[in-house]
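Structure first, commentary second.
The values are calculated or read from the model by the stated rules, or taken from the named source; none is laboratory data. These figures come from a predicted structure and were not determined experimentally. With ideal geometry, Cβ positions are generated from the backbone for all residues, glycine too; neighbour counts draw on all protein chains shown. To get the accessible areas, we keep the full protein, side chains included, count just its heavy atoms, and leave off ligands, DNA and RNA. Shrake-Rupley method; radii C 1.70, N 1.55, O 1.52, S 1.80 Å.
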Amino acid sequence: MAIVESSTAPGVAVAAAVVLVVLTWLWTALVQLVWRPSAVARAFGRQGIRGPAYRLFVGSDGEASAMRAATRGDVLDRRCHDIVPRVLPHYRAWMSRYGKVFVSWSGATPALCVGDYAMVKQILSDRTGLYGKPEPGPSILALIGNGLIFIGGDDWARHRRVVHPAFAMDKLKMMAKTMAECAREVIRAWEARAAAADGERRVQVEVGQQFQELTADVISHTAFGSSYREGKEVFVAQRELQSIAFSTIYSIRFPGSECIATKTNLRRRHLAKKVRGTLMAIIRERQAAAAAKEDRGYGNDLLGLMLEANAAAGGGEKSMTMDEIVDECKTFFFAGHDTTSHLLTWAMFLLGTHPEWQQRLREEVLRECCGGDTEALPNGDALNKLKLMTMVLYETLRLYGPVSLMARTATADAELGGVRVPKGTMTMIPMAILHRDADVWGADAGEFDPLRFRGGVNKAAAHAGALLAFSLGQRSCIGQDFAMMEAKTTLAMILRWFAFEVSPEYVHAPLDYLTLQPQCGLPIILKLLD
């Protein structure tokens, strides 16, 4: 009898432990999935803030997905610049029901839509870390890296000190020639095709893909110098990683789901390993060359300037590890080619549908950049004189900015514009909607009018800093001058050689594919100028 008792006692203890774990897990799930969403919704409701109903597990995502699916096949008139029904149809619908500030649900996480500029500035101007970047997930990290875009606090300040010298204007001006030479290669190919077009000197080109290749070529040369071929390998891998990231961005992620050996997860890991290996090899080669030729430094490209600043930091807490440098390379490589290529694409669309502005920019380019020499490449000083082109690019960013929606997470209980926001709430900034707010931009907010920027970016709207394409405050995009210089260089070269119009084949269907791009590409008819 005693033997039976001793053998059953451990089994009872194990069973009790299992029951306790299960009950704890169920209680945690009940709190996170039922009690907290209900409490948060009631707290917002008492402040007059409402929104779509919370659904167990999926939150508001099911309703949002249904609205996105319903508008996926919509086509806009090419004279219409209201892209919101295609890229943010759920936000448009919810705003009409609940107002500019409402609460929706990303799974069980509350997401406070901030459609008020004063509240947006409070978020983006915060220096205390109260509004941090949300956890991006493994697919986004594999694509962009855990660099300046996502890190915060002391790590962000340390990275910024190392990366910033590479994007100083005097350094960027030295890269203008490389940008122009890359653009000239593309234009030579277009020129040859147009010249061979049976005397018409016209050719149709799908410029979206061409600009993807061009901007990847530019960032490969300006970031990695003589290693630009290896840089192009990173571009190819990142294009596939972008597809993976987009396919998972609206799906519900369960804890540990990224560790399951699915086909997608295995492919993501393979590509991430390839990108890291390629970048690490470039960095090691650069370090070895600098060590062998101490007086030559690390080079004048973006990677060399970053490595030089990192070496000057003296190691320790002020410098970056090799893995951190790899992450920054991922960041500026993706951001440096993807967003700029779409800026160029949408600028060509707008200039192709507004020939009067195309001609004004061409006259400005010939006046400021050529000086009578049609073969001269534009330089940094000449590009800074292109005021009309700057206005056009700002207006392009307002109407067709690369990012439609920006998110920040409250890291502690906060008060935002008089609204009490609980810790863990995501604050969602619908930039595509804010950029069309008639109360801020005027009654013509839906129209293409670059002259609204003639007094500068801060005087274009009722609120200073209303253009959010590069964000605001200390976390504003470090590469904005690089992007603007590359866009100006490329457009200046095109305008000098071609007149162009949007092809009748073009389908106006902007798509938010992590960044905003034409769903069906942008076919442009180019006419070679005399």
Given the options Thr262, Thr222, name the one that is among the hydroxyl-bearing types (Ser, Thr, Tyr), surrounded by fewer than 18 Cβ atoms within 10 Å (Cβ to Cβ) and either under 30 Å from Gln519 (Cα atoms) or at pLDDT below 85 (or both). Thr262
Being surrounded by fewer than 18 Cβ atoms within 10 Å (Cβ to Cβ) and over 22 Å from the mean Cα position of the chain (by Cα) is the requirement here; does Leu451 meet it? yes
Residue match in segment 95-104 (condition: in a loop (DSSP other than H, G, I, E, B) and more than 22 Å from Thr411 (Cβ to Cβ)): yes
Across segment 333-390, which residue is farthest from Leu302 (Cα to Cα) among those that are β-branched (Val, Ile, Thr) and open to solvent by less than 70 Å² (accessible area, probe 1.4 Å)? Thr353
Does at least one position in segment 316-330 carry a residue that is touching a Leu at 6+ places or on another chain (Cβ under 8 Å), open to solvent by 10 Å² or more (accessible area, probe 1.4 Å) and of a type outside the set (Val, Ile, Thr)? yes
Residues (open to solvent by less than 10 Å² (accessible area, probe 1.4 Å) and either modelled with pLDDT under 95 or part of a helix (DSSP H, G or I) (or both)) located in segment 486-511: Glu486, Ala487, Thr489, Thr490, Leu491, Ala492, Met493, Ile494, Leu495
Can you say whether Lys177 is closer than 30 Å to Ser476 by Cβ and open to solvent by less than 70 Å² (accessible area, probe 1.4 Å), as far as the supplied structure shows? no
Could you check Thr409 against (1) open to solvent by 20 Å² or more (accessible area, probe 1.4 Å); (2) hydroxyl-bearing (Ser, Thr, Tyr); (3) under 28 Å from Glu356 (Cβ atoms) and say which number it fails? (3)
For Gly59, all conditions in the list (1) at pLDDT 90 or above; (2) at negative phi hold save one; what is the number of the exception? (2)
Single residue of Ala111, Ala64, Ala93 found to be touching a strand residue (DSSP E or B) at 6+ places or on another chain (Cβ under 7 Å) and under 29 Å from Gly401 (Cα atoms): Ala111
In segment 484-516, anything in contact with a Cys (Cβ under 8 Å, 6 or more places away or on another chain), among the aliphatic types (A, V, I, L, M) and within 26 Å of Leu383 (Cα to Cα) is listed as Ala492
From the residues in segment 291-303 that are over 24 Å from the mean Cα position of the chain (by Cα) and on the phi < 0 side of the Ramachandran plot, which one is surrounded by the fewest Cβ atoms within 10 Å (Cβ to Cβ)? Asp295
Kindly provide the set of residues from segment 376-391 that are hydrophobic (A, V, I, L, M, F, W, C) and closer than 15 Å to Gly456 by Cβ, ordered by number. Leu386, Leu388, Met389, Met391
Here's a check for you: in segment 118-131, which residue that is at negative phi and either assigned to a loop (DSSP other than H, G, I, E, B) or touching a Lys or Arg at 6+ places or on another chain (Cβ under 6 Å) (or both) is least open to solvent (accessible area, probe 1.4 Å)? Ile123
Any residue in segment 469-483 that is part of a loop (DSSP other than H, G, I, E, B) and farther than 15 Å from Thr339 by Cβ? yes
Apart from one, (1) without any contact (Cβ under 8 Å) to a residue 60 or more places away in the chain; (2) surrounded by 22 or more Cβ atoms within 10 Å (Cβ to Cβ) all hold for Gly153; the odd one out is (2)
Among the listed residues Arg284, Arg269, which satisfies the condition of being open to solvent by 40 Å² or more (accessible area, probe 1.4 Å), of a type in the set (D, E, K, R), within 27 Å of Glu230 (Cα to Cα) and more than 23 Å from the chain's Cα centre (by Cα)? Arg284
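Table: residues versus (1) open to solvent by 20 Å² or more (accessible area, probe 1.4 Å); (2) touching a residue at least 40 places away in the same chain (Cβ under 8 Å).
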| site | (1), (2) |
| --- | --- |
| Arg276 | yes, yes |
| Leu279 | no, yes |
| Ala289 | yes, no |
| Leu305 | no, yes |
Pairs, please: C-beta under 7 Å, at least 6 apart or cross-chain, first residue touching a residue at least 60 places away in the same chain (Cβ under 8 Å) and in segment 439-454, second crowded, with 16+ Cβ neighbours inside 10 Å and among the basic types (Lys, Arg)? Gly446/Arg436
Of the residues in segment 40-57, those that are out of contact with any strand residue (DSSP E or B) (no Cβ under 8 Å at 6 or more places or on another chain) and closer than 18 Å to Thr427 by Cα come to Arg42, Gly45, Gly48, Ala53
Out of Thr28, Thr71, I need the residue that is hydroxyl-bearing (Ser, Thr, Tyr) and closer than 30 Å to Thr353 by Cβ. Which one? Thr71
Tell me whether segment 56-68 contains one or more residues that are of a type in the set (Ser, Thr, Tyr), under 30 Å from the mean Cα position of the chain (by Cα) and assigned to a helix (DSSP H, G or I). yes
Check Gly59, Gly51, Gly115 and return the single one that is open to solvent by less than 10 Å² (accessible area, probe 1.4 Å) and touching a Ser or Thr at 6+ places or on another chain (Cβ under 7 Å). Gly59
Out of Val421, Val403, sole residue that is crowded, with 24+ Cβ neighbours inside 10 Å and of a type in the set (A, V, I, L, M, F, W, C): Val421
Quick one: in segment 22-47, which of the residues that are free of Cβ contacts under 8 Å to residues at least 12 places away in the same chain, open to solvent by 60 Å² or more (accessible area, probe 1.4 Å) and not hydrophobic (A, V, I, L, M, F, W, C) is nearest to Pro422 (Cα to Cα)? Arg42
Yes/no for Ala166 being more than 18 Å from Met306 (Cα to Cα) and surrounded by 17 or more Cβ atoms within 10 Å (Cβ to Cβ): no
